[in-house]
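To start, the structure under review is shown below, and the notes come after it.
The values are calculated or read from the model by the stated rules, or taken from the named source; none is laboratory data. Please read these numbers as outputs of a predicted model, since none were measured by experiment. Just the protein is used for accessible areas: all its heavy atoms, side chains included, with ligands, DNA and RNA removed. Shrake-Rupley method; radii C 1.70, N 1.55, O 1.52, S 1.80 Å.
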Amino acid sequence: MLNHLRQEQIQRGQRDRDAGLLPRLHEPAYLEGYLKGRPEGLDSTVQYFSSLEEYLLWKTRR
């Protein structure tokens, strides 16, 4: 029963993420579903720039 509830929360998090909604719950299973499979490419690159403008400037020069 608990595993079923956990799976429902994971799926709810995935649906919210796919719909473009911000996380609405703080439950670990929900957040796991929300973050699982999320693209990380831009986040991992942008972290090295002090502002989004600097990143965009760098990106346009490439």
Within the chain, helix-based [θ] at 222 nm, where runs of 4 or more DSSP H residues each add -39,500 (n - 2.57), nearest 500: -19500 deg cm²/dmol
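In terms of solvent-accessible area of protein heavy atoms at a 1.4 angstrom probe, what is the ranking of Y34, Y48, highest value first?
Reading off the accessible areas and sorting them downward yields Y48, Y34.
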